[in-house]
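Input: a single structure, listed below in structure tokens.
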Amino acid sequence: MADPSSYRPSPGQIPDSPGVYKFRDEHRRVIYVGKAKNLRQRVANYFQDLAGLHPRTRSMVTTAASVEWTVVSTEVEALQLEYTWIKEFDPRFNVKYRDDKSYPYLAVTLNEEFPRVQVMRGAKKKGVRYFGPYGHAWAIRETVDLMLRVFPVRTCSAGVFKNAARTGRPCLLGYIDKCSAPCVGRVTPEEHRELAEDFCDFMAGRTGTYIRRLEKDMTQAAEEMEYERAARLRDDAGALKRAMEKSAVVLADATDADLIAVAEDELEAALQIFHVRGGRVRGQRGWVTDKVEAVDTSGLVEHALQQLYGEERGDAVPKEVLVPALPEDTEAVSQWLAERRGSQVSLRIPQRGDKKDLMATVQRNAQQALGLHKTKRASDLTTRSRALEEIAEALGLDTAPLRIECYDISHLQGDDVVASMVVFEDGLARKSEYRRFQIKGFEGQDDVRSMHEVIGRRFKRYLQDKERTGEWEQAPSVTDPATTATATDPAATGPGPAATGPVPAATGPVPAPALPAASPADEIDPREDDGRPKRFAYPPQLVVVDGGQPQVAAAKRALDELGIDDIAVCGLAKRLEEVWLPDDDDPVVLPRSSEGLYLLQRVRDEAHRFAITYQRAKRAKRIRSSPLDDVAGLGETRKQALIKHFGSVKKLRQATIEEICEVPGIGRRTAESVAVALASAAPAAPAVNTATGEIMEEDDGGTP
């Protein structure tokens, strides 16, 4: 735990202008981002007596190791920069709302020549008009099905569209008049785009115009005794009315507004948003967050506004935003929203009438969402905490291992030897930090030696990162056979001498000169100190290896050679699921019903899955390779031409240079290169039918 006074800025050093500040921890990670009208006053509040700070603020300042700030011109700029940094650095002590699902939107792809109506999830794309979000995708499809009677816009995929254009026949929707069939030229691109824009106008709330026009045309058709046309128009108007009925009128004055409600307790907060367009609820979504910083309702609302509208422009930001509490700096937030919309935005608390009643409904939804979330999470969070506590108790750790790394070696009879590293934080997989390694220091099968290499390589990079930031003043000498382990990630790749013998056991304390300089492949990323998470920058509290006592000893020896003594190591053996510790002759046996054992099994199984997936992919790539791949200047087309001409690689190998030159596009120099490549490559061992023992000759046309 750091003492905030050790990094407190000098008096008068902090400016009194608007700006944004960042707290970093000892590993240079950004752990908190905040903004202030007056940086001097705001930052000074963090360095008062710890007893007077909120417990969450006290936890943040004692975790931090430095503070820095950036001065801006206005409070609006500070708001925008704060949002940008929170999104970029993902600080652990900032409130971040998280969805428990990906909400579907009704999307119209106006960026295509023939716009398409479809259901979309995930990040929004430029040039696409979105409506929603909706609670369920089936609700979107029902609405679209009703509206296609009036607005027969294309809904098919690109493949179906191209196939219909090629064959000259539309799909089923084209035959039943629920698509204008632009694929076969029934309408021009301009006419189809007009249909799509009318569809968007109707979904945006301008409904009365279309219904009145349909009813007028229906009356006129009936007067002219065109009864079939009048009946079709009557059905079209009914379809639009049914589509409108799916979203009931909640505000009689056809208001465009977003209503935000917050339900909170001491630990968590739930947020609910109703999107009202044209007086009707067009979408709803909800978020939940842990209150990791000392924040009140107004602060939660401000964070919600940043996340909700930070990437939006134009009409996606409504004219009116109704909230339960105004942000601390209402004027700056309102101006920021207005800049994103391009016109004035009203940010206020509803006081009376329909809007206040609707806000009460949104508030009830938020309360229900918080209650449901706590019910779903209670057992899961309790179980994870109990599992970590059981692991700490069984292994004799001082604290629960919040970050666990697990390593596994995978190969097929000594070929394609690879390793995996998986990371679990707070009992949950953190897949963005998984890593894969290739073992190239030696040939054959040696899991113990491979484990020593991988562990050494991973933590050598960690020490180099610490040395660059000045945290490692006296690093041990590294005699690192693991430099021959090459990670597939560029940061984990570096040349090293090939190992020529078994790894010697550690015999005593290792002297401590400086670490060797990083090789060119290990050069530091130029963005190393920007606060973003790095590949090997964070140390775990526990290293788990897949295996028994030999693998554990190898991992421990690799850490000892690097002078690292504050990371626990254990191994989980598959035979009896016993846990092995370094220097212990007897394993630790956890009860079969233990949550700690279950978590270790999950971590081990995930490392095994990740390793074997990579090993299989690597093997498949090697099997698909051909001697022709090594011929310079020989592309895929000419490879296929050679195989097609001769029938197989075996027959091509037997051909003369003159015969190879007979293949169209193959000159003499290329033919000579092909002959040399095939002559130097040893033929693959013949395949054997395991059922009959028959040797399968290579007479079939193999792929190059």
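Using θ = phi - 60° in the Karplus curve 6.51 cos²θ - 1.76 cosθ + 1.60, the 3J(HN,Hα) couplings for the stretch 263-270 round to 10, 8, 9, 5, 10, 9, 9, 10 Hz; x is entered for Gly and Pro. Only the Cβ atoms of Lys and Arg (+1) and of Asp and Glu (-1) were treated as charged; on that basis the dipole of the stretch 13-172 about its Cα centre amounts to roughly 680 debye. Using a probe radius of 1.4 angstrom, the carbon and sulfur fraction of the accessible surface of the stretch 42-135 is 49%. Each Lys and Arg Cβ is given +1 and each Asp and Glu Cβ -1; about its Cα centre, the stretch 334-429 then shows a dipole of about 1380 debye. Only Lys, Arg, Asp and Glu carry charge here, each on its Cβ (+1 for the first two, -1 for the last two); on that basis the stretch 329-377 has a dipole of about 360 debye about its Cα centre.
Residues whose amide H falls under 5 Å from that of Val545, counting only those 5 or more places apart or on a different chain, are Tyr407, Cys570, Gly571, Leu572, with hydrogens built in the peptide plane.
Go through Leu106, Tyr83, Val30 and say which Cα lies farthest out towards the positive end of the charge dipole of the stretch 29-117; charges sit on Cβ, +1 for Lys and Arg, -1 for Asp and Glu. Of Leu106, Tyr83, Val30, it is Val30.
Peptides 119-129, 17-27, 402-412, 229-239 ranked from most to least packed give 402-412, 17-27, 229-239, 119-129, packing being the mean of other C-beta atoms within 10 angstrom over each peptide's residues.
Between amide H atoms placed 1.01 Å from N, distances below 5 Å from Leu347 occur with Val321, all of them 5 or more places distant or on a separate chain. For the stretch 596-609, putting each phi into the Karplus relation 6.51 cos²θ - 1.76 cosθ + 1.60 with θ = phi - 60° gives couplings of x, 5, 4, 5, 4, 5, 4, 5, 4, 5, 5, 5, 5, 4 Hz, in residue order, rounded to whole numbers and with x for Gly and Pro. Scanning residues 5 or more positions from Arg116 or on other chains, those with amide H under 5 Å from its amide H are Thr109, with H placed 1.01 Å from N in the peptide plane.
The values are calculated or read from the model by the stated rules, or taken from the named source; none is laboratory data. All values derive from a computational prediction rather than experimental measurement. FYI the Cβ positions are ideal-geometry reconstructions off the backbone, even for glycines, and counts take in every protein chain you see. The area values use the complete protein model at the heavy-atom level, side chains included, leaving out ligands, DNA and RNA. Shrake-Rupley method; radii C 1.70, N 1.55, O 1.52, S 1.80 Å.
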